[in-house]
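To start, the structure itself, in structure tokens.
The values are calculated or read from the model by the stated rules, or taken from the named source; none is laboratory data. This structure is a prediction, so every number in the text was calculated from the model and none was measured. In this analysis, Cβ positions are derived from the backbone assuming ideal geometry, glycine residues included, and neighbour counts consider all displayed protein chains.
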Amino acid sequence: MLELKTLICFALKEEAAPFHKIAAHRPGVFTIIVGIGRANAEKSLRAWLAAELPDLVLTCGFAGGLNPDLKLGDVVFELPIANPPLTTRLLAAGAKPATIYCADRIATTVAEKKSLRFSTSADAVEMESAAIHAVCAEYDIPCATVRVISDTAHEDLPLDFNKLSKPDKSIHFGKLFLAIAKSPKKIPQLMQLQKKTKFAAERLASVLEQVTSEKIQP
């Protein structure tokens, strides 16, 4: 049996943290932080592939729910090209097949999520996978999106994080602290969001732990 060499891409260290501890003790599994958005994801992935080619790439992390039936902590997946063995492993690990839309901005309100649901028919939204899938297609590397719902279709985010971002889409902490200072009532909501994202990251790690435990025939 051969270990499946798997590269798992996360936009944020907070998304990766629970699984990174697992991957550190698992030969053949690598994690990278690619940054937020398509441009950062493409740049980071190309840099990694210049040194080594994996057998499988998974683009993972948080997603906003667009389908009202999806709950906090639900793990969803989408494959651009059919891969029955991988689909079987994902289903066995508890992930749900879904249509996932790659957007250029964070969907922060219920109204925006409803609009995206109407215009795309997608179940969830994130910001990196389209770029990662495109690069993997160039290299003929199997790829799948595996995301966890960190905020549902029924809830607004406490702040519009798009307005608090730098040009590279990372958070501008000066703007964040100013926004909190102007709206201190948002602090409990932000603390609740932190708890939710921690729970979501742990749920994603649990699924990825099962998926990456499989081996493949030579």
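How about the stretch 168-189: which of its residues are among the charged types (D, E, K, R) and in a helix (DSSP H, G or I)? Quick ask: steps written out before the conclusion?
Our first condition is that a residue be among the charged types (D, E, K, R); within the stretch 168-189, this holds for 168-169, 175, 182, 185-186.
The answer is K175, K182, K185, K186.
Can you tell me which of E78, E52 is among the acidic types (D, E) and modelled with pLDDT of 95 or more? Before the answer, list the steps.
Values: E52 fails: modelled with pLDDT of 95 or more.
The conditions single out E78.
Only one of E138, E128, E155, E112 is out of contact with any Ser or Thr (no Cβ under 7 Å at 6 or more places or on another chain), closer than 30 Å to R46 by Cα and not polar (S, T, N, Q); which?
Numbers: E128 fails: out of contact with any Ser or Thr (no Cβ under 7 Å at 6 or more places or on another chain); E155 fails: closer than 30 Å to R46 by Cα; E112 fails: closer than 30 Å to R46 by Cα.
E138 is the lone residue from the list that is out of contact with any Ser or Thr (no Cβ under 7 Å at 6 or more places or on another chain), closer than 30 Å to R46 by Cα and not polar (S, T, N, Q).
Within the stretch 28-44, is there a residue that is farther than 23 Å from F161 by Cβ, among the small types (G, A, S) and over 13 Å from the mean Cα position of the chain (by Cα)?
Yes, the conditions are met somewhere in the stretch 28-44.
Return yes when P27 is touching a strand residue (DSSP E or B) at 6+ places or on another chain (Cβ under 7 Å), closer than 17 Å to V146 by Cβ, in a loop (DSSP other than H, G, I, E, B) and not charged (D, E, K, R) and no when it is not. Full working, then the answer.
Values: touching a strand residue (DSSP E or B) at 6+ places or on another chain (Cβ under 7 Å): yes; closer than 17 Å to V146 by Cβ: no; in a loop (DSSP other than H, G, I, E, B): yes; not charged (D, E, K, R): yes.
For P27, the condition - touching a strand residue (DSSP E or B) at 6+ places or on another chain (Cβ under 7 Å), closer than 17 Å to V146 by Cβ, in a loop (DSSP other than H, G, I, E, B) and not charged (D, E, K, R) - is not met.
Is it true that some residue in the stretch 153-168 is in contact with a strand residue (DSSP E or B) (Cβ under 6 Å, 6 or more places away or on another chain) and at pLDDT 95 or above?
Yes, because at least one residue in the stretch 153-168 is in contact with a strand residue (DSSP E or B) (Cβ under 6 Å, 6 or more places away or on another chain) and at pLDDT 95 or above.
Do we have any residue at all in the stretch 35-45 that's of a type in the set (A, V, I, L, M), in a helix (DSSP H, G or I), touching a residue at least 12 places away in the same chain (Cβ under 8 Å) and in contact with a Leu (Cβ under 9 Å, 6 or more places away or on another chain)? Step through it out loud before you land on a result.
At the first step, the residues of the stretch 35-45 found to be of a type in the set (A, V, I, L, M) are 36, 39, 41, 45.
Still in the list and also in a helix (DSSP H, G or I): 39, 41, 45.
Subsequent filtering for residues that are touching a residue at least 12 places away in the same chain (Cβ under 8 Å) retains 39, 41, 45.
Applying the additional criterion that residues be in contact with a Leu (Cβ under 9 Å, 6 or more places away or on another chain) yields 45.
Within the stretch 35-45 (the criterion being of a type in the set (A, V, I, L, M), in a helix (DSSP H, G or I), touching a residue at least 12 places away in the same chain (Cβ under 8 Å) and in contact with a Leu (Cβ under 9 Å, 6 or more places away or on another chain)), the answer is yes, since at least one residue qualifies.
Any idea how many residues of the stretch 74-105 are charged (D, E, K, R) and surrounded by fewer than 13 Cβ atoms within 10 Å (Cβ to Cβ)? It would help to see each step written out before you state the result.
First pass over the stretch 74-105, keeping only residues charged (D, E, K, R): 74, 78, 89, 96, 104-105.
From the residues that got through so far, the ones that are surrounded by fewer than 13 Cβ atoms within 10 Å (Cβ to Cβ) too are 104.
Count: 1.
Kindly provide the set of residues from the stretch 1-27 that are within 16 Å of the chain's Cα centre (by Cα), surrounded by 16 or more Cβ atoms within 10 Å (Cβ to Cβ) and hydrophobic (A, V, I, L, M, F, W, C), ordered by number.
Passing the criteria: L7, I8, C9, F10, A11, L12, A16, F19.
Does the stretch 55-62 include one or more residues that are hydrophobic (A, V, I, L, M, F, W, C), touching a Phe, Trp or Tyr at 6+ places or on another chain (Cβ under 8 Å), part of a loop (DSSP other than H, G, I, E, B) and touching a residue at least 40 places away in the same chain (Cβ under 8 Å)? Don't jump to the end; show me each part of the working.
Filtering the stretch 55-62 down to residues hydrophobic (A, V, I, L, M, F, W, C) leaves 56-58, 60, 62.
Restricting the remaining residues to those that are touching a Phe, Trp or Tyr at 6+ places or on another chain (Cβ under 8 Å) gives 60.
Now restrict to residues that are part of a loop (DSSP other than H, G, I, E, B): none.
No, there is no match, as no residue in the stretch 55-62 is hydrophobic (A, V, I, L, M, F, W, C), touching a Phe, Trp or Tyr at 6+ places or on another chain (Cβ under 8 Å), part of a loop (DSSP other than H, G, I, E, B) and touching a residue at least 40 places away in the same chain (Cβ under 8 Å).
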